[in-house]
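The block underneath contains the structure these notes are about, expressed in structure tokens.
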Amino acid sequence: MLPSLPSHRPRRLRASAAIRDLTREHRLHPHDFIAPMFVMEGGGDSESIDSMPGIFRHSLAGLAEHARVLRDLGVRGIAVFPRIDAGLKDEMGGHFRDPDNLMLRAVRALKRGVPELAVFSDVALDPYTSHGHDGLLNAAGTDVDNDRTVIALCEMARMQADAGADFVAPSDMMDGRVRAIRETLDAAGHADTGILAYAAKFNSAFYGPFRDAVGSKRPAGYLDKSGYQLDPANAREALLEAALDEEEGADILMVKPAGPYLDLVRQLRDRTLLPLAVYQVSGEYAMLQAAAERGWLDARAAAMEQLLGFKRAGADIILTYWAEQAARWLR
């Protein structure tokens with residue numbers, strides 16, 4: 001007796017390219033991407049980053065020039081990260097108050113040269129502090145002082161909004177900073193400036209190449225960031241952080257890193273009506289590049305599969321170092 005043949009044949013929907021295109025559930029578009037970009041002092045050529053092949057630190061002129069390339073490819077947003085000269089750093093990160101600091105000049109240059117792009121400015125102290133933390137240390141130097149840090153972040157966010165940032169992006173994970181920043185921006189006449197909250201930022205091992213890029217590696221002897229960034233083991237805590245940020249006035253919520261935390265992306269997508277972003281961080285990018293260089297995988301296929309996976313999990317916006325390449329591939 002012959003075995004019964006299947007009555008349900010899902011392969012019918014995979015039978016040809018035309019049918020696969022018609023039934024595809026998720027699609028990527030260059031408009032989905034925000035490109036993280038690094039800016040440095042000087043007017044020379046762009047500077048390669050050894051731990052992030054294909055990614056560069058740009059001068060101010062080079063930053064605007066490269067942003068125009070991204071714009072023409074359909075990318076709609078830039079996230080700016082400055083590499084501050086070591087001689088300008090101190091324990092208090094006071095250089096952020098300089099009205100002509102590198103970050104503020106970069107925001108102005110982008111809004112002047114490529115006004116069509118949305119500019120997202122990083123609100124955190126780690127580029128400016130000699131200890132590499134995202135906030136101000138307490139008197140004993142044993143922890144980051146939450147409330148003093150929030151006051152500094154509010155000032156930083158207001159200055160970035162003054163410079164023209166479309167969105168400020170607090171990446172510090174201090175308690176209460178979203179509400180404080182929202183109130184500060186509103187009081188300063190920046191009610192239209194948005195807040196992209198790093199709502200669930202984990203104390204991850206995947207940030208190393210980024211710290212190379214901005215020069216924020218911690219000197220030996222300083223505490224790590226586990227006192228304010230999320231424990232990778234904690235999902236409910238991440239959902240609570242995101243709920244608090246939404247309640248405090250965030251316009252966009254973000255999960256960082258992306259790949260190891262897609263369970264959180266899915267759960268947040270089911271809980272919020274706000275736009276949801278993910279950050280495919282430097283270590284995620286560097287791993288793919290390193291494997292591709294050794295011939296162990298196809299960089300294009302692997303990168304696009306990951307980016308599509310972020311969309312499938314529920315992300316609306318993807319911060320990715322693949323933004324330029326992926327936009328070219330999609331075209």
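The values are calculated or read from the model by the stated rules, or taken from the named source; none is laboratory data. Remember, it's a predicted structure, so these values are computed and weren't measured experimentally. Positions of Cβ are generated from backbone atoms using ideal geometry, with glycine treated the same way; all protein chains shown enter the neighbour counts.
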Go through the range 230-254 and count every residue that is touching a residue at least 60 places away in the same chain (Cβ under 8 Å) and of a type in the set (A, V, I, L, M, F, W, C).
4
What number of residues in the range 183-212 are of a type in the set (D, E, K, R) and either over 14 Å from Glu155 (Cα atoms) or crowded, with 23+ Cβ neighbours inside 10 Å (or both)?
4
Could you list, ordered by first residue, the pairs with Cβ atoms under 8 Å in which the first is in the range 263-292 and among the basic types (Lys, Arg) and the second is in a helix (DSSP H, G or I), at least 6 apart or interchain?
Arg266/Ala313; Arg269/Ala313; Arg271/Leu239; Arg271/Ala242; Arg271/Ala243
For the subset of the range 96-142 comprising residues that are of a type in the set (S, T, N, Q) and surrounded by 18 or more Cβ atoms within 10 Å (Cβ to Cβ), which member is nearest to Lys225 (Cα to Cα)?
Thr129
In the range 111-134, the residues that are under 21 Å from Asp212 (Cβ atoms) and part of a loop (DSSP other than H, G, I, E, B):
Ala124, Leu125, Asp126, Pro127, Tyr128, Ser130, His131, Gly132, His133, Asp134
Would you tally the residues in the range 153-196 being under 24 Å from Val114 (Cα atoms) and not in a helix (DSSP H, G or I)?
15
Only one of (1) within 15 Å of His29 (Cβ to Cβ); (2) of a type in the set (D, E, K, R); (3) modelled with pLDDT of 95 or more fails for Arg331. Which number is that?
(3)
Could you list, ordered by first residue, the pairs with Cβ atoms under 6 Å in which the first is in the range 189-211 and farther than 24 Å from Ser48 by Cβ and the second is aromatic (Phe, Trp, Tyr) and crowded, with 23+ Cβ neighbours inside 10 Å, at least 6 apart or interchain?
Leu196/Phe120
Unique residue being in contact with a strand residue (DSSP E or B) (Cβ under 7 Å, 6 or more places away or on another chain) and farther than 20 Å from Leu319 by Cα when the list is Leu185, Leu196, Leu104, Leu137
Leu137
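Pick from Leu288, Leu262: which is at pLDDT 95 or above, under 21 Å from Arg24 (Cβ atoms) and not hydroxyl-bearing (Ser, Thr, Tyr)? Working first, answer last.
On the way: Leu288 fails: under 21 Å from Arg24 (Cβ atoms).
Among Leu288, Leu262, only Leu262 is at pLDDT 95 or above, under 21 Å from Arg24 (Cβ atoms) and not hydroxyl-bearing (Ser, Thr, Tyr).
Looking at the range 107-132, which of its residues are under 19 Å from Leu70 (Cβ atoms) and touching a strand residue (DSSP E or B) at 6+ places or on another chain (Cβ under 7 Å)?
Step one: filter the range 107-132 for residues under 19 Å from Leu70 (Cβ atoms), giving 107-122.
Val107, Leu110, Lys111, Leu117, Ala118, Val119, Phe120, Ser121, Asp122 - these are the residues of the range 107-132 that are under 19 Å from Leu70 (Cβ atoms) and touching a strand residue (DSSP E or B) at 6+ places or on another chain (Cβ under 7 Å).
Among Leu274, Leu239, which is closer than 26 Å to Asp166 by Cβ, hydrophobic (A, V, I, L, M, F, W, C) and modelled with pLDDT of 95 or more?
Details: Leu239 fails: closer than 26 Å to Asp166 by Cβ.
Going through Leu274, Leu239 in turn, just one is closer than 26 Å to Asp166 by Cβ, hydrophobic (A, V, I, L, M, F, W, C) and modelled with pLDDT of 95 or more: Leu274.
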Selection from the range 27-43 of residues surrounded by 11 or more Cβ atoms within 10 Å (Cβ to Cβ) and not in a strand (DSSP E or B) yields Leu28, His29, Pro30, His31, Asp32, Met40, Glu41, Gly42
Could you list, in sequence order, the residues of the range 53-87 that are crowded, with 18+ Cβ neighbours inside 10 Å, among the aliphatic types (A, V, I, L, M) and within 22 Å of Leu330 (Cα to Cα)?
Ile55, Ala67, Leu70, Leu73, Val75, Ile78, Ala79
Could you list, in sequence order, the residues of the range 58-91 that are touching a helix residue (DSSP H, G or I) at 6+ places or on another chain (Cβ under 8 Å) and not in a helix (DSSP H, G or I)?
His58, Gly74, Val75, Arg76, Ile78, Val80, Phe81, Pro82, Arg83, Ile84, Lys89
